[in-house]
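Below is one structure, written out as structure tokens; the observations come after it.
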Amino acid sequence: MVDLDWSTKRRIVYLSIITAVLILLISVLSFFVFYKKPTCFDGSKNQNEAGIDCGGTCTKLCTNQVSDLKILWAKPFKINDDFYSVAALVENPNINSVSDSVEYIFKLKNSFGEVIAERRGKTSIPNSRILAIFESDFRLTEEVKSVDFEFLGNSVWYREDQEPVDIDIKKTDLTRIDYSPRLEVSLENKSFGSVSRLEITALVFDGKGEVIAVSRTFLDGFRSGSVEDIVFTWPEAFPVTEKVCQVPVDIALILDRSGSMAADSLEPPQPLTQVKNAASTFVDAISEQDSVSIISFATTASKPIDLFLEKNKNFIKKAIEGIKILDEGGTQYTNTSDALNQAFLELKSDRQRKNAEKVIILLTDGEKPNRPEKEGQQDYPVTLAFSKATEIKSDNIEIFTIGLGAQFDGGFLQSISTNPSHYYNAPEASDLENIYKEIATKICKEGPTTIDIITREIK
């Protein structure tokens with residue numbers, strides 16, 4: 001074995017150290033030159049990704065993480081003789097998943113199922129939302145009978161945890177439905193930030209729940225906390241096949257409970273029982289959006305009234321059933337002015353709805369009011385009731401009156417009703433059901449049943 005001298009050993013140590021340092025430097029330099037940090041764009045499944053460059057820490061989602069969009073319906077809409085628009089209602093069932101660009105195609109078909117026009121487009125899809133996709137200005141000589149709508153290609157989806165913009169629909173007012181319909185909409189931006197561009201789509205439905213008209217517009221620079229009014233118009237009346245009551249109604253139902261309402265001493269008392277049954281039929285005939293208050297009266301009106309304005313039909317009918325002829329000592333008289341006043345107060349109370357029509361329906365078997373009395377003024381009860389009715393009508397409240405009895409002279413009741421056509425005579429209590437049904441039909445302001453406003457932020 002060769003015994004190395006100390007200088008040789010020292011040189012070997014120095015060379016080993018130098019070599020180790022060089023190897024370390026080369027390794028570090030090689031790491032920085034050749035190493036690539038895993039990203040969501042490197043074409044490899046690394047980090048904690050669910051697939052190549054998708055899932056895990058990547059905002060891009062893998063194909064198997066995204067459910068298909070649901071197409072709820074697609075329909076054509078005739079604007080006039082030559083022009084059509086089309087729309088599709090789509091639901092994104094994916095939670096916190098968005099796509100910046102999804103391709104689609106509309107195919108318009110004639111009565112033979114032949115494609116007579118088509119249009120492709122792209123749209124963004126917000127997360128967990130229903131949105132309307134709209135295309136307009138199709139000028140066609142053939143009538144469009146149906147529309148096919150589908151999405152094309154493989155869209156790219158991303159995870160998004162940001163809350164959608166908060167847009168409150170404050171008002172929808174549809175007018176001129178029989179000619180050139182006009183829809184006024186008020187929107188409030190309740191989001192913390194401004195919306196640079198907002199798409200607003202209006203859907204109009206008929207009484208069957210079928211969409212009959214669609215329109216779209218855009219709003220730019222919608223500042224946080226601000227309210228904006230926008231208007232949609234259509235050149236021709238809607239093709240409404242079935243109408244429903246469009247405007248809600250607040251109704252004060254006044255029922256006579258004087259002693260003569262049990263004149264024949266039957267049990268249950270008649271004609272009061274038939275009157276109550278007919279009034280319950282009326283409640284069944286009105287719209288679900290209507291509210292009813294109940295006021296019974298004789299010498300005075302009920303205080304508090306029998307029922308404050310209420311939409312629940314079961315509650316309303318229970319209040320009607322609860323009306324009884326009270327034993328207040330002595331003869332029960334007819335105080336029409338007090339009943340009208342209580343109805344008026346209720347229709348002006350905080351319980352009334354500002355957007356609702358106001359209606360009073362008065363039933364009595366007394367020809368003229370005879371209470372309250374005033375010394376030296378024999379016609380005071382009639383004058384007071386007429387004055388109260390005049391005040392009510394001047395406040396745009398309709399008054400319907402019903403006189404019960406074969407020998408009834410309806411002159412007074414006609415005078416306090418809105419007009420002579422608002423007065424009805426029921427010779428028998430059995431006639432009341434049809435009368436109430438006719439009144440229910442009159443107070444129903446027919447039109448499209450629903451206005452749906454769909455908003456979407458365009459980024």
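Quick note: the coordinates plus some simple rules give every number you see, no bench work behind them. For clarity, every value in this text was computed on a predicted model and none was experimentally measured. So basically every Cβ, Gly included, is an ideal-geometry build from the backbone, and we count neighbours across all protein chains shown.
General remarks:
- Taking every Cα-Cα distance in the range 277-372 and sorting them into 5 Å bins starting at zero, the pair-distance distribution P(r) comes out as 2, 12, 23, 23, 21, 11, 5, 1, 0 percent.
- Taking the DSSP beta bridges with both ends in the chain, the antiparallel portion is around 75 percent.
- For q = 0.10, 0.19, 0.21 Å⁻¹, Debye-computed log10 I/I(0) when each Cα of the range 99-252 counts as one equal scatterer: -0.50, -1.38, -1.43
- The relative contact order of the range 249-446 comes to 24 percent, based on Cα pairs under 8 Å that sit 6 or more residues apart.
- Among 290-301, 53-64, the order from most to least packed when residues are scored by Cβ within 10 Å on average: 290-301, 53-64
- From phi via Karplus (6.51, -1.76, 1.60), per-residue ³J(HN,Hα) for the range 420-431 in Hz, x at Gly/Pro: x, 6, 8, 9, 10, 10, 10, x, 10, 4, 5, 7
- Pairs beyond 23 Å (Cα-Cα), from Lys70/Lys109; Lys313/Lys437; Lys171/Lys313; Lys354/Lys442; Lys313/Lys368: Lys171/Lys313; Lys313/Lys368
- Estimated translational D of the range 63-159 in µm²/s (Stokes, Kirkwood radius over Cα pairs; 20 °C; 1.002 mPa s): 151
- Mean Cβ count within 10 Å, highest first, over the residues of peptides 247-257, 139-149: 247-257, 139-149
- Contact order relative to length of the chain, as percent, for alpha carbon pairs under 8 angstrom and 6 or more apart: 13
- Positive-end ranking of Phe238, Asn277, Ile130 along the dipole of the chain, with charges on Cβ about the Cα centre, is headed by Ile130.
- Straight-line reach from Lys459: taking Cα to Cα under 18 Å and skipping same-chain neighbours fewer than 8 places apart, the aspartates and glutamates in range are Asp100, Glu103, Glu160, Asp161, Glu163, Asp166, Glu199, Asp220.
- log₁₀ of I(q)/I(0) at q = 0.07, 0.10, 0.11, 0.12 Å⁻¹ - the chain, Debye sum with one point per alpha carbon: -0.60, -0.89, -0.96, -1.03
- The Rg/Rh ratio of the range 249-446, with Rg taken over Cα atoms and Rh as the Kirkwood radius over Cα pairs, comes to 0.93.
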